[in-house]
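See below for the structure under consideration.
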Amino acid sequence: MDYQDAMSSIEIVRRTLLFESPERVARSCGLSDFVFSRYVLSDRATPWCEVGDGRWEHIDEWGNTRARLDATSKGEVVRGVLDEIKDMNRYELPDYSASGSYEPIRQARLENPDKWLIGELPGFAFGIARKLRRLDNYLLDLRLEPEQIHALHDRIDDMLVKMIHSYADAQVDSLMFWEDWGTQDQLMISPDEWRKEFKPRFEKLCSTAHDVGIRIFMHSCGQIQAIIPELIQSGVDVLQFDQPDLHGIDALAAHQERDRITFWCPLDIQKTLQLRDEVVIRAKAREMLDKLWKGRGGFIAGYYTDEVSIGLDPRWQEYASDEFIRFGVQSRYAEALRRTI
């Protein structure tokens with residue numbers, strides 16, 4: 001029996017998060033260990049529509065107008081539903097409470113009993129509120145209207161607590177949210193401001209999830225080194241980075257040694273993969289196994305799914321996937337290590 005079949009995906013991921021030496025590396029490349037599912041809500045949302053000159057727009061479930069310059073990316077909010085922060089008093093958040101909204105998750109659980117089921121959240125307070133106001137307005141609000149922003153965040157947190165319990169009823173293994181906190185060299189706000197306004201919210205939501213047996217996975221783009229230790233302290237179980245080289249593989253490994261955090265990463269989508277060099281790509285994949293996985297867990301071999309948007313031929317990631325799959329197995333990894341000693 002191949003090692004990939006000796007344990008269920010659920011057991012492989014569970015052992016990965018606990019650093020209990022799964023028989024192979026957990027992965028979203030190749031035959032993935034994960035299934036994603038999300039609530040159904042379409043009260044306000046409209047389909048993407050081409051509006052001319054290669055520009056696409058749609059209204060999201062919050063009422064924000066999003067735009068993009070291609071037919072594949074998620075785009076960005078160009079007009080938030082809240083023209084002014086004071087409008088929040090009249091604004092109704094989407095209603096995620098209906099049991100039927102979570103039927104796709106229940107169905108996914110039935111169809112994939114051995115896979116690790118990830119439910120999708122719309123974000124935490126920052127990721128949601130910055131869209132409602134549009135990012136530039138929102139960053140000003142944080143400084144100029146702190147009481148109103150705090151109140152908006154509270155409303156969002158209350159909504160998310162209810163969502164977490166609904167997802168628990170649907171039997172997800174973890175919840176994942178996408179929240180980009182960094183530019184290419186620093187946080188979008190000061191670390192002190194993050195600790196004051198956002199860390200308590202992370203602690204509350206992660207604790208709520210853990211109390212009902214759910215792990216929290218967080219994606220973030222950009223350089224967020226300044227708050228990684230506190231994200232871990234707040235209860236985030238997995239950090240998913242598409243630019244691991246932005247932080248440095250050695251720096252990520254150091255966080256693992258101190259805090260037993262799991263990182264979920266493809267090869268860096270802006271640096272390593274863009275070199276389009278098979279030798280370099282395979283070497284980087286092995287480095288990630290050697291420094292982040294080590295046969296003990298704590299690393300999920302990733303795959304960036306939107307290759308069209310970054311102009312990448314799939315074959316470059318296939319080299320990385322091949323390396324992860326071939327050498328991310330206990331026996332082969334141990335043998336490869338013996339040969340290098």
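The values are calculated or read from the model by the stated rules, or taken from the named source; none is laboratory data. What you see is a predicted model, and the numbers here were worked out from it, not measured in a lab. We place every Cβ from the backbone using ideal geometry, glycine too, and count neighbours over all the protein chains shown.
Quick check on the stretch 93-106. Is at least one of its residues buried (at least 18 other Cβ atoms within 10 Å of the Cβ), modelled with pLDDT under 95, in a helix (DSSP H, G or I) and in contact with a helix residue (DSSP H, G or I) (Cβ under 7 Å, 6 or more places away or on another chain)?
Within the stretch 93-106 (the criterion being buried (at least 18 other Cβ atoms within 10 Å of the Cβ), modelled with pLDDT under 95, in a helix (DSSP H, G or I) and in contact with a helix residue (DSSP H, G or I) (Cβ under 7 Å, 6 or more places away or on another chain)), the answer is no, since none of the residues qualifies.
Would a scan of the stretch 210-232 turn up a residue that is touching a Pro at 6+ places or on another chain (Cβ under 8 Å), crowded, with 16+ Cβ neighbours inside 10 Å and β-branched (Val, Ile, Thr)?
Scanning the stretch 210-232 turns up at least one residue that is touching a Pro at 6+ places or on another chain (Cβ under 8 Å), crowded, with 16+ Cβ neighbours inside 10 Å and β-branched (Val, Ile, Thr).
Results for (1) more than 21 Å from the chain's Cα centre (by Cα); (2) closer than 13 Å to Arg201 by Cβ, shown as yes or no for each residue.
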residue	(1), (2)
Ala125	no, yes
Asn137	yes, no
Glu145	yes, no
Ile149	yes, yes
Asp154	yes, yes
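Within the group Asp290, Asp268, Asp242, which residue is free of Cβ contacts under 8 Å to residues at least 60 places away in the same chain and under 20 Å from Val308 (Cα atoms)? Even if it seems obvious, please write down each step before you answer.
Details: Asp290 fails: under 20 Å from Val308 (Cα atoms); Asp242 fails: free of Cβ contacts under 8 Å to residues at least 60 places away in the same chain.
After ruling out the rest, the residue left standing is Asp268.
Among the helices (runs of 4 or more DSSP H) contained in the stretch 121-183, which hold 2 or more residues that are free of Cβ contacts under 8 Å to residues at least 24 places away in the same chain? Full working, then the answer.
Values: elements: 125-133, 135-144, 146-169.
In the stretch 121-183, the matching helices (runs of 4 or more DSSP H) lie at 135-144, 146-169.
Counting residues that are closer than 20 Å to Leu117 by Cα, which helices (runs of 4 or more DSSP H) fully inside the stretch 195-307 reach at least 1?
Values: elements: 199-211, 228-234, 244-247, 249-259, 278-288.
By residue number, 199-211.
Among the residues of the stretch 211-251, count how many are farther than 24 Å from Glu120 by Cβ and touching a Phe, Trp or Tyr at 6+ places or on another chain (Cβ under 6 Å).
Matching residues across the stretch 211-251 total 0.
Take the residues in the stretch 16-59 that are among the basic types (Lys, Arg) and within 19 Å of the chain's Cα centre (by Cα), then tell me which one is nearest to Ser321 (Cα to Cα). Explain how you work it out, then say what you get.
Here is the first cut: in the stretch 16-59, the ones among the basic types (Lys, Arg) are 24, 27, 38, 44, 55.
Applying the additional criterion that residues be within 19 Å of the chain's Cα centre (by Cα) yields 27, 38.
Working: Arg27: 9, Arg38: 26 Å.
Filtering first and then ranking leaves Arg27.
Quick one: which strands (runs of 3 or more DSSP E) lie wholly within the stretch 1-89 and hold at least 1 residues that are acidic (Asp, Glu) and exposed (fewer than 15 other Cβ atoms within 10 Å of the Cβ)? Let's see the steps before the verdict.
Numbers: elements: 34-37, 49-52, 55-59, 65-68, 76-79.
Counting at least 1 such residues, we get 49-52, 76-79.
Condition first: of a type in the set (Lys, Arg) and modelled with pLDDT under 95. Can you find one or more residues in the stretch 306-323 that meet it?
If we filter the stretch 306-323 for residues that are of a type in the set (Lys, Arg), which is where we start, we get 315.
This time we only want the ones that are modelled with pLDDT under 95, so: none.
Within the stretch 306-323 (the criterion being of a type in the set (Lys, Arg) and modelled with pLDDT under 95), the answer is no, since none of the residues qualifies.
Do any residues in the stretch 24-45 that are closer than 17 Å to Leu289 by Cα have Cβ atoms under 6 Å from those of residues that are hydroxyl-bearing (Ser, Thr, Tyr) and part of a loop (DSSP other than H, G, I, E, B), where the two are at least six apart or on different chains, and which pairs are they?
Going by the 6 Å Cβ cut-off, the qualifying pairs are Ser28/Tyr303; Cys29/Tyr303.
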